[in-house]
Structure formats: C-alpha cells, structure tokens
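One structure is given below, encoded as structure tokens.
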Amino acid sequence: MPNETTIFIRNRNEKDKLIKDAIYAFTGGQKSLLIKGEGEEIATAVEVAETLKNKLFPRVEIASISLGSRPFYQRGRRNNKYSKNKRFQKDIISKIEILIKSK
C-alpha cells in the first residue's frame, strides 16, 4: 500500500517515542500507519493505537485489525535451567497488526 509507515513494537519503554513518531508521520502527510506487535507487546500495540485515535480523533480511524501467530524458534543452548520446564517453551507466538488511516 502506498504511503504506509510501519511501526514495530519492540519493548514497552519505547511507547512514548513511537506515539510521537506516529503523530509526526500523520502531520507530515502519511495516509496510513501499520502498528505491529508480537507476544507480550500486543497490549502495547493496542495502547499506541488507542492513544493515536484519541489524540487525533477527527482525523484518523482504526481501519483494520489482524490477529495471527507464527512459529517461535527458541535460540541458545538446549540444556539451560528453563529447558526442562514446559512453561518456558513456546511453539507459536501471537501477533497483531493494526492499520490506522487518516480520513
């Protein structure tokens, strides 16, 4: 899609910076913005989208939300202290994509 910027949520500490970047993108002429979050950062992606919608209310709307998952490959040594505990072994990781468009 032309005129689309993608924001990847890496950690919660960058939330304020990402909101500022998104506001600058919309005021700079971007027509749409795609916010992506995986795993524990799904909540942060939703918070960023809701904050943008509330701050830029008459100008932007949430166009679509896509939910899905992808395979998760664990890296590192197999014989660490967490490998025997099933709680730390994940087969898939959840993801979310939120598309925000200007009106």
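The values are calculated or read from the model by the stated rules, or taken from the named source; none is laboratory data. Values in this document were obtained by computation on a predicted structure and should not be read as measured data. In this analysis, Cβ positions are derived from the backbone assuming ideal geometry, glycine residues included, and neighbour counts consider all displayed protein chains.
Out of (1) assigned to a helix (DSSP H, G or I); (2) modelled with pLDDT of 90 or more; (3) surrounded by 13 or more Cβ atoms within 10 Å (Cβ to Cβ); (4) not charged (D, E, K, R), what's the single condition that is false for PHE26?
Condition not satisfied by PHE26: (2).
Which members of segment 39-70 meet the condition of being surrounded by 13 or more Cβ atoms within 10 Å (Cβ to Cβ) and aromatic (Phe, Trp, Tyr)?
Within segment 39-70, no residue meets the criteria.
Cβ-Cβ under 8 Å, sequence separation 6+ or interchain: first residue in segment 59-74 and at negative phi and at pLDDT below 95, partner surrounded by fewer than 13 Cβ atoms within 10 Å (Cβ to Cβ) and assigned to a strand (DSSP E or B). Which pairs?
Listed by first residue and then by second, the contacts come to SER69/ILE92; ARG70/ILE92; PRO71/ILE92; PHE72/ILE92.
Looking for whichever is in contact (Cβ under 8 Å) with a residue 12 or more places away in the chain and part of a helix (DSSP H, G or I) here; the options are THR44, THR6. Which one fits? Give the derivation first.
Values: THR6 fails: part of a helix (DSSP H, G or I).
Of the residues listed, the single one that is in contact (Cβ under 8 Å) with a residue 12 or more places away in the chain and part of a helix (DSSP H, G or I) is THR44.
Which residues, taken from segment 6-23, are surrounded by 17 or more Cβ atoms within 10 Å (Cβ to Cβ) and under 21 Å from GLY68 (Cα atoms)?
Listed by number, the residues that qualify are ILE7, ILE9.
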